[in-house]
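What follows is a set of notes on a single structure, which appears directly below.
Here, each number is a calculation from the coordinates, and none is a lab measurement. This one's a predicted model, so the numbers in the text were calculated from it and none came from an experiment. Every residue, glycine among them, receives a Cβ derived from its backbone with ideal geometry; neighbour counts consider all protein chains shown.
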Amino acid sequence: MFLLHVILRASLCTAFLAAGSLVQAAPDVASKGATANANAVDDLDKLLLARGLIEKVQQAGNVAASQVSNVTSAAGEIVVSAMGFLGLPYKRGGNSFETGFDCSGFVKALYAQTLGKVLPRSAAEQAAQTTKIESTDLQPGDLVFFNTMRRAFSHVGIYVGDGKFIHSPKPGAEVRIEDMHTKYWDKRYNGARRVEQSAEPATRSTPSVN
C-alpha cells in the first residue's frame, strides 16, 4: 500500500504540474470539480514542501516529460515510480520502502514492485544478469553502473533521460537525481544495462555497499 501511495503521488504530481497552466488559462470554466482538484493540488504541494521535495519533483517531471514519447510504458512506469522516492534516506543493506535502500536494493525493489521482475541483490550481479547496451542507446528505465568502491559495477542507478539518473547514493544521503556526465560520475562510469523479460533471480547474493 505504501508503494501504491507513492506511485500515485508521483503520477498526480506529473498530472497536476502539466495541468496547472491550463487551469490558469481558463478561469471562466471553473467548477466544483476544478475546485476539488485545486484543493488536492494544494494538499499535495504542502506535503511535498514539508519534505523539501517540490523542486525535485518538478525537475523530475520535466525530465520524464521530455522523454515520454521515446520510451515504452514499462520503462515509464519505472521512472515514475522511482521519482516517488526522491528524498528517501540511504540505508546500508536496505531493501524496504519504509526504511530506505542502498543502491542495488533500490533498483531491485522498484523492478519487483513495479514490473514484477526479480533482479539479483547486488549491483555486480545485476550487471552480470542484464543485457549490455551502448551508452548511445540508453533509454529511461535502463540501469547505469559505476565504480565507487575501487571495483567495477559497485554502484547502480536508473537512467531517467537527459543524461541523468536516479539512485540511492551513500550513507547520510537520500535518493536523488544526478547528472552522469559530471566529472565524478563520468570517470567512474562502467556501462549500461537493459532489463529484459528473461531476468532471473540470483541463487545467492550479497548487498552492494556504497
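Before moving on, here are some points about what is shown:
- Extended-chain gain in nm, criterion 0.36 nm per residue less alpha-carbon gap, LYS183 and THR131: 16.1 nm
- Nitroxide proxy distance, nm - points 7 Å out along Cα→Cβ at LYS91 and MET149: 1.8
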